[in-house]
Amino acid sequence: MKKLTQKQKDFFEKLKEGYQQRALSSYEKLKNELGYKSKNSIKQYIEILKEENLIEEIDNKLYINKNQFGAYLATTSVKAGFAAVLEDKIEKRISLDEILNINSPSTFVFRVSGDSMCEVGILDGDYVIIKKTSEAMIDDIVLAVVDNEFTLKTYKKDDKGYYLKPENSSYPIIRPKESLVIFGVALGITRKIK
């Protein structure tokens, strides 16, 4: 965005706030939504942003380039032990969608309640990202419906059949009395720190 004027940068930031993953509205609608007087101004801004590859056209619709979203990935790891110097190097901008290979229509986020998965680092209040699928591999962390109740556990199998294992040694394993249906597989978790 080095070539853009401050007004153009401001316009782009307003666009980003309202149109992260969806197609841009018509120039007329954008004019009204963003508080501009002229539809022509909107068109000029959009053309400049297209030239700068900040906006792209997909299937005759305009979208903000997905590389403009997400956090920056630093090339230096941060040690959780003793303090280390953080090098001032940025590798690229990343998005959780990209890291976790999220396919929006089949991906859900659920809030975790309880401590039954604490020994694998999934804590009460965390948000678990689930890819909807009816198939899971043994040892996957799954969101399953057991006897008509949702639960997040590790998928296991032994000589008695499939069961769900809590990752907290104070909880018993869960064997279905009637049914065990896999709703989805966990892709990752997010946690808000205070």
What is the local net charge at Tyr162, summed over the other residues whose Cβ is closer than 10 Å to its Cβ (Lys, Arg +1; Asp, Glu -1)?
-> +3
Surrounding net charge for Gly184, when Lys and Arg each add one and Asp and Glu each subtract one, Cβ distance under 12 Å = 0
How much net charge surrounds Arg111 when only the other residues with a Cβ under 10 Å from the Cβ of Arg111 are counted, with Lys and Arg +1 and Asp and Glu -1?
-> -2
Glu28 accessible area, 1.4 Å probe, all protein chains in place, Å² to nearest 10 | 80
With labels modelled as points extended 7 Å from the Cα through the Cβ direction, what inter-label distance (nm, one decimal) is found for Ser26 paired with Glu57?
-> 1.8
Distance in nm between pseudo-label sites at Tyr162 and Lys192 (7 Å out along the Cβ direction from Cα) | 3.4
Give Lys156/Lys177; Lys3/Lys43; Lys31/Lys192 a once-over and call out the pairs whose C-alpha atoms are over 27 Å from each other.
-> Lys31/Lys192
Output ordering of 14-23, 145-154 (per-residue mean of other Cβ within 10 Å, highest first) is 145-154, 14-23
Would you mind checking the pairs Lys16/Lys61; Lys14/Lys39; Lys14/Lys131 and listing those with alpha carbons more than 21 angstrom apart?
-> Lys14/Lys131
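The values are calculated or read from the model by the stated rules, or taken from the named source; none is laboratory data. Note that the structure is a prediction, hence the values are computed from the model and not measured. Please note: Cβ atoms are built from the backbone with ideal geometry, for glycine as well, and neighbour counts cover all protein chains shown. These accessible areas exclude ligands, DNA and RNA; they are computed on the full protein's heavy atoms, side chains included. Shrake-Rupley method; radii C 1.70, N 1.55, O 1.52, S 1.80 Å.
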